[in-house]
1. Quick check on my filter: what residues within segment 619-647 are among the aliphatic types (A, V, I, L, M), surrounded by fewer than 20 Cβ atoms within 10 Å (Cβ to Cβ) and in a strand (DSSP E or B)?
2. Take segment 685-704 and flag every residue that is open to solvent by 10 Å² or more (accessible area, probe 1.4 Å), in a helix (DSSP H, G or I) and modelled with pLDDT of 85 or more.
3. Does any residue of segment 908-926 turn out to be assigned to a loop (DSSP other than H, G, I, E, B), within 23 Å of Met668 (Cα to Cα), of a type outside the set (A, V, I, L, M) and in contact with a helix residue (DSSP H, G or I) (Cβ under 9 Å, 6 or more places away or on another chain)?
4. Mind checking which pairs have a first residue in segment 449-460 that is touching a residue at least 12 places away in the same chain (Cβ under 8 Å) and acidic (Asp, Glu) and a second that is in a helix (DSSP H, G or I) and surrounded by 13 or more Cβ atoms within 10 Å (Cβ to Cβ), Cβ under 8 Å, 6 or more apart or different chains?
5. State the number of residues belonging to segment 147-188 that are at pLDDT below 80 and surrounded by fewer than 19 Cβ atoms within 10 Å (Cβ to Cβ).
6. Cβ contacts < 8 Å: first residue surrounded by fewer than 16 Cβ atoms within 10 Å (Cβ to Cβ), restricted to segment 732-755; second residue among the acidic types (Asp, Glu), any location; separation 6+ or different chain. Result?
7. Filter segment 288-333 down to residues that are of a type in the set (A, V, I, L, M) and closer than 21 Å to Phe275 by Cα, then give me how many there are.
8. Run down Lys547, Lys511, Lys563, Lys551 and say which single residue is under 25 Å from Ser492 (Cα atoms) and either among the charged types (D, E, K, R) or crowded, with 18+ Cβ neighbours inside 10 Å (or both).
Amino acid sequence: MRRIYETLLMEHNVALVLFAVVICILASITANLLLERLGCRNGLRKYAWIAGSSLIAGGGVWSTHFISMLAYNPSDDHGFNVLYTALSLLIVLLFSASSFTLFAYSKSRILRIVAGGVLGIGIAMMHYSGMKGWMPNGTMVWDKQLVTISIIVGISLSMLSMEAHRWLPTVKAGILAGSILAIAICSLHFLGMSAMTVTHMDNSMVSAPGISRTVLAIIIGGVTLAIIQLGFTVGFFDFHMNERAQQLRSKLEHELELKHLQKVSKLKLVNTTGFYKRVLENIPVGIVIFDEEHKLVFSNKVYQDFAPFMASKIRGGMSLYEFVEGFYDAHTGVTTEDPDIDALHISDKEAWIQQRMLLYQTSKEFDHKDDKRWVRVIDRRLEDGTFIGLRIDITEVKAHEAELLEAQKEAEVSTVAKSEFLATMSHEIRTPMNGILGMAQLLNQCKLGEEEKKFVDVILKSGDALMEIINDILDFSKIEAGHIELNSEPFSLRETIEDVITLLSPKAEAKGLDLRLSIDHNLPTFFVGDMGRVRQILVNIIGNAVKFTNKGHIFTRVTGTVKGKIVNLNIAIEDTGIGISEDLLDNIFRKFTQVDQSSTRHYEGTGLGLSIVEKTVVLMDGDVSVESELGKGSTFTINIPLPSHQHLTRTKKTIKKTKDLPFDISGMNVIVVDGNGRNLEILRKQFQTWNCRCITLSSGEKLLRMLGEIYRHDHKIDLILLNGQLPKINGEELLVSLKSSKMFKHIPVIMLTALDESNQAARHKSLGADGYLVKPISVTSLRTLISEVTSAIPNTEIPNTGDMENCCGLDGSADKPVPVEEKPVKTLEVEDESISDKLGEHTDSELLVLNPKKPTLDILVAEDNDINQLYMKCILEKLDITFKIVKDGQLAVDEYKNSVPRAILMDVSMPIKNGCEATREIRKLETISGTKTLIIGISAHAYKKDKDQCCEAGMDEYLTKPLCSETLVKLLKQRNIIQKDGRKQKIA
């Protein structure tokens, strides 16, 4: 490095060195810029550009070398060998031309690098051949190591300069490559000069006079710069001319491309137009199109077939006026479904045409029938004003619709016939089964031998099995026919599941099985849904678990998640039974599929139970699944969404109304005392809907007289509603009198007042009132308070309280009373006919009957089947009651008039007058007599609609055949027709 430093600064003229470096840089950059332009040239022009670039590059390299040699100071006396000097110039020019030619035609990176190597070799050969032609005043000694380094550096940097052309865009690449080449030239020259030392200087030599080194350097540099300037000017001019030519070429190409695209587009448009025209001509739809100026654009042959009279007149561009006029001239289109327009067809042509043209301004769609066919007219008016009219022949569609309508009617008739057949089959099967099972039950109650007892037991079990099969088939048929209707009534899920477990416990205990139940305590107690269907689902699955489990347990687990108003119930029934093989799991819910389908199967059944379960769960918007392992047991999981009961009032629109109320107060004898006649009427009707006998009085004096008559005739009063504000004797005075009387102090008294004062309740309570209500009175509040003060018997079913939120608006409007299930009415007998005259007014003439007939018969049976008559006779003879059996509904009505029975067992299907007709007639008679007889419907029809019809007719209860004697006796006990010990209930 020291030698290089000494060579540059101490042995050279720095000014000339810098001059040489400038020439080197300018020549290198100019040559490389011209190289970048080679890509735009072809043929001789390309070789001319290569020659020019080579001349600039070679001349620049030689000038740099020669001027740098002139800048060398150690010997002022030196000369140049003309031959070697010229040879060095020729070498660099040839090698530059070769390198640039390789570069111009190179298509790969390797060729560009080779071209750079050739250029580097040429520079090195030029330098050292030029040094050979230099004749200093002494001997030149060379450092071979520095010589080698100079050659390697020169060649490497030259190769790098050629590679740099691909790194950057055109101009920047030329500048970068030229700069690297200038470094390569300077590095090679000055490293080579550092490798040389001149010795044995001969100072006796005298130099001949000539041109000074500085002048010679300037002349050579000037010539070189002139050549560089010329090359740069030509390159710059060529660049701009080429850019301009490129722009013109691009513009021309763009215009040619546009013309080509337009030509292609026109051709495509013609082809597309022709294609769509052919399509529109051949589709089986009539099409007519008018543009925004009401000129005809298109109409196909199909449209002209719809209007053959226009075929010869239609032409492209015709106006809408001409088009409509054609219809007028052909005397068609008279019917527009607008009589006013139709009338103009005769009287005013111009007005008719104008009115018809207005029809083309709107969009419309309708079906029209002409003399031959049905046509669907579809007119569309687009936003830009274009009108498109379509005419479609729908004659076949209309014919098909007529066929479908006829098929639908036939299907409906078939469905009705199927339903009637199922109902008939149900009736016809249940009627004889009632006799079979009923007589078998009675026979089982007799003293029988062990063998006879076994035979009867077989009859009963076989009959029960047959009824299960019949019920499954009927249920499945109803589900398949879509005749299942889900009830929405409040019920207790826990009680429902416990009832199912209680029902199945005897079978489980007989097999030594453990029935377990777990219900998440965070779940609501009551839900709204179809309790009967939930019970049916659980009976099927838990019953199957009991059937297919021989040891272990059956665990029912109930959990759920609350989402707003809905509880997503999850009921899992796990058993340790025989399990289900994996190949049967996918089909377990299919109809008539059983776990054991072999000819030697151990378990009986129709294979419908789980199919009914799945379809019922799906109807309830739920799902059911099963997991099982053969030999280890199964787990059935049921997911059902149900609203909880506390949300019932908010969802009552979606929940079916129920007749049940929270407490059973039917049959009560009630006295209402109020000075307002409207209030008395409202309360009287409300109590009437609850099946209570109600006496309404307008004053305290009438109440006292009425109580005297009641005491004299020893009748019972269950409740008194007393208004606090009464004329003459006010309510509080009457209350004190009643509670002071030994005869009447036990009667519950509810005070009514319009004054909502905080001390009223305490005051009335201190005077002995059992309850207190402020007007307007809520039906729910009244009913609840009555149940509290009278200790009424709660109903077994939870009510739909959503229908009891209305207020009985005393001193205002009253909402419609809530209907309730009818119950037998306790009789209030008042024999003194003068009472009505004494009271003068407001005694309830319909409900207060003075001399009704006392029941002379306990039970009246209306049954047309001889076997069932015998069965009923055998049951009732054991109850120590009076009864009578008649064989049709008319005889039942006649017998009711004679004996006024306490209860009627009414068969639904009977000759002359059926059970529903007879019930309606009896209920009409009761509105006159004031009595209320318990009517129990008995039918072989098991459909819900049959039960609803019986309830609408006025029946209180509904039992299906085959009738179980225990069920009937239990119901009679609940209804107080017989006592719990089976004896006749005494009549009050």
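1. Val626
2. Those that are open to solvent by 10 Å² or more (accessible area, probe 1.4 Å), in a helix (DSSP H, G or I) and modelled with pLDDT of 85 or more: Glu701, Lys702, Leu704.
3. Looking only at segment 908-926, we keep the residues that are assigned to a loop (DSSP other than H, G, I, E, B), and these are 908-914.
From what is left, the residues that are within 23 Å of Met668 (Cα to Cα) are none.
Within segment 908-926, not a single residue is assigned to a loop (DSSP other than H, G, I, E, B), within 23 Å of Met668 (Cα to Cα), of a type outside the set (A, V, I, L, M) and in contact with a helix residue (DSSP H, G or I) (Cβ under 9 Å, 6 or more places away or on another chain).
4. Asp457/Asn444
5. 8
6. Ala754/Asp811
7. Residues of segment 288-333 that are of a type in the set (A, V, I, L, M), as a first pass: 288-289, 296-297, 302, 307, 310-311, 314, 318, 320, 324, 330.
Now narrow it down to the ones that are closer than 21 Å to Phe275 by Cα: 288-289, 296-297, 302.
The total comes to 5.
8. Unique residue meeting the criteria: Lys563.
The values are calculated or read from the model by the stated rules, or taken from the named source; none is laboratory data. This is a predicted model, so every value here is computed, not measured. FYI the Cβ positions are ideal-geometry reconstructions off the backbone, even for glycines, and counts take in every protein chain you see. These area figures cover heavy atoms from the full protein model, side chains too; ligands, DNA and RNA do not enter into them. Shrake-Rupley method; radii C 1.70, N 1.55, O 1.52, S 1.80 Å.
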